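Working notes for the structure below.
Derivation of every value follows stated rules applied to the coordinates shown; laboratory data play no part. Please read all numbers here as calculations on a predicted model, not as lab measurements. A quick note on method: Cβ atoms are made from the backbone with ideal geometry, for glycine too, and the neighbour counts reach across all protein chains shown.
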Amino acid sequence: MQASSKPILVIGGGVAGMTAAVEAAEVGFHVLLVEQEPSLGGRVTRAHRYFPKMCPPTCGFEINVRRIRQNPRIQVHTLATVEEISGTAGAFKARIRIRPRYVTGSHSLDDAALAQLTSERDDDFNEGMSKTKAVYLPHDMAYPPLHVVDREALSDGDAEALSTLCPPGSVDLDMAEEEIEVEVGAVIVATGWRPYDATRLENLGFGRCENVITNVMMERLAAPGGPTGGKIVRPSDGQAALNVAFVQCAGSRDENHLPYCSAVCCMASLKQARYLREENPDAQATLFYIDIRTIGREESFYYDLLEDDHVSFVKGKVAQVDEVADGKDLSVDVEDTLNGETLHGTFDLVVLATGIVPNTADVKIPYELTYDEYGFVDGSTNVEGIYAAGCAKRPCDVSRTTKDSTAAALKAIQCLQGGE
Ligand SMILES: Cc1cc2nc3c(=O)[nH]c(=O)nc-3n(C[C@H](O)[C@H](O)[C@H](O)COP(=O)(O)OP(=O)(O)OC[C@H]3O[C@@H](n4cnc5c(N)ncnc54)[C@H](O)[C@@H]3O)c2cc1C
């Protein structure tokens, strides 16, 4: 019965979408997994390690990739977006646009040869802190493990050079965009999140002060595959960061920016303070917070750091970050609400714990769905046959995301079986 039912369309191939796909496929349902980027994994693959166990992102990711590769019922489309959905539960039609990769997959490409190319692009995987060649592998763990050509970045000269640098038939610059139409029984929206635009936090100095970075940049600085090979350094001079301020709720819980709590930023900064302390036993971390929000077993993560005399906590919302008059160090102004004192500290790196914005705030799913006022898919008023999971629904960590995805897969299966 399962094998003949219509597939489930999963939009977004981050941890939410991958989990929903394998859960549904492993009980016999067909799944179309549609990801707009050249590879699967979403935001978690960009983390150095993930709380609460501090494992590298390879852990869960590689298991999910293996489950996807081994399961013929899952069809993956990368560089793909869903342009239109029509119909109703059990009988949706979707139009999927697939952008060209320009790499055929017939042979693997050699990065040493591609190093001769001169055209480069900002590496979005490293949050723009490094460059890749215009023909690049998205990252070390990329699945599918295929290079991709950034056609806009590739110069005419480099386009010609590819015929000598790559095996015959491996690159096809004439590859065209494709559109396919599919019939699906249910849809899972797993489109995830992007970081809040820190340049809008004018008082906190991002974009104005070289040594103010965001929490997502910090993940890449700490990662061995990141722009500094895993060294947490100041962007201005490449010196080790020894005295770091973590500014919590940078935009979140703020009526002028994101009025809601982004749920993961406290744990993310506690984790990043650990990265710093593990890398350099002399380094000092100071967390400026409104409330520290950790729950369940995550609380011990916080309590452990309280024991570290190189980590301090100041309860207060940071008012201003500026470069000090004679250099690239940063002054941080804040009122310590526990004793009413105004503090004026100096740091060599400031990390803004910017919050989570749903991707659906910018690009809506092409079907009439209800969103809350911030753009998250509103689960309480969902359309029958369309279910959201992970950060498309609300800010959440990986553990909550995967539970959500399993639930969404179950709802989709019930819909296919007419059990709603
Ligand atoms: C600084 C920071 C550190 C964090 N660290 C941790 C941690 O240590 N542990 C932890 O548990 N959680 C952590 N999190 C939270 C974690 O990142 C999220 O729980 C997780 O990313 C949610 O997965 P997701 O699949 O819902 O979204 P995403 O990871 O955003 O994946 C969504 C995917 O959908 C794709 N997509 C979007 N729109 C479309 C579209 N229209 N069509 C096709 N594809 C689309 C995207 O390209 C992406 O691949 C952290 C968050 C932050 C901000």
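Quick one: in segment 111-165, what % of C-alpha pairs are over 17 Å apart? Please report the intermediate quantities before stating the final value.
Numbers: 505 of 1485 pairs.
Tail of the P(r) past 17 Å holds 34 percent of the pairs.
Show that you can apply the helix-only estimate: for the chain, add -39,500 (n - 2.57) for every DSSP H stretch of four or more residues, divide by all residues, and state [θ] at 222 nm to the nearest 500. Can you show the working numbers first?
Details: 8 runs with 87 residues, N = 420.
Only helices count here, giving -6000 deg cm²/dmol.
Two numbers describe the Cα atoms of segment 197-354: Rg and Dmax, which are 14.6, 45 Å. Against the chain, whose longest principal axis comes from its Cα atoms, helix 15-25 is set at around 30 degrees. Length available on full extension from D304 to K93: 0.36 nm per residue minus the Cα-Cα distance, which gives 70.8 nm.
Give me the net charge for the shell around R121: Cβ to Cβ below 10 angstrom, other residues only, Lys and Arg +1, Asp and Glu -1. Intermediate values should be presented prior to the final figure.
Details: positive: K131, K133; negative: E120, D122, D123, D124, D150, E152.
For residues surrounding R121, the net value is -4.
In whole percent, what relative contact order does segment 83-169 give with Cα contacts below 8 Å and a gap of six or more residues? Present the calculation step by step, with values, prior to reporting the outcome.
Values: 95 pairs, mean separation 23.2, N = 87.
With pairs under 8 Å counted, the relative contact order is 27 percent.
Please compute the contact order of the chain in relative form: average sequence separation of alpha-carbon pairs under 8 Å and at least six residues apart, divided by the residue count, as a percent. Intermediate values should be presented prior to the final figure.
Numbers: 900 pairs, mean separation 79.6, N = 420.
The value is 19 percent.
Which of the trypsin sites (Lys or Arg not before Pro) found in segment 104-162 are in a DSSP loop and have at most 10 neighbouring Cβ atoms, other than their own, within 10 Å?
Numbers: sites: R121, K131, K133, R151; in loops: R151.
Sparse-neighbourhood loop trypsin sites (Lys or Arg not before Pro): none present.
Backbone phi angles across segment 187-194, fed through the Karplus curve with coefficients 6.51, -1.76 and 1.60 (θ = phi - 60°), yield HN-Hα couplings of 10, 10, 8, 10, 8, x, 9, 9 Hz in residue order; Gly and Pro are listed as x. Segment E335..S380, full-extension length gain: 12.3 nm, with 0.36 nm per residue of separation and the alpha-carbon distance subtracted. Excluding same-chain neighbours fewer than eight residues apart, the lysines reachable from K131 by a Cα-Cα span under 28 Å are K231, K271, K328. Over the chain, the hull volume per residue, using the convex hull of the C-alpha atoms, is 150 Å³.
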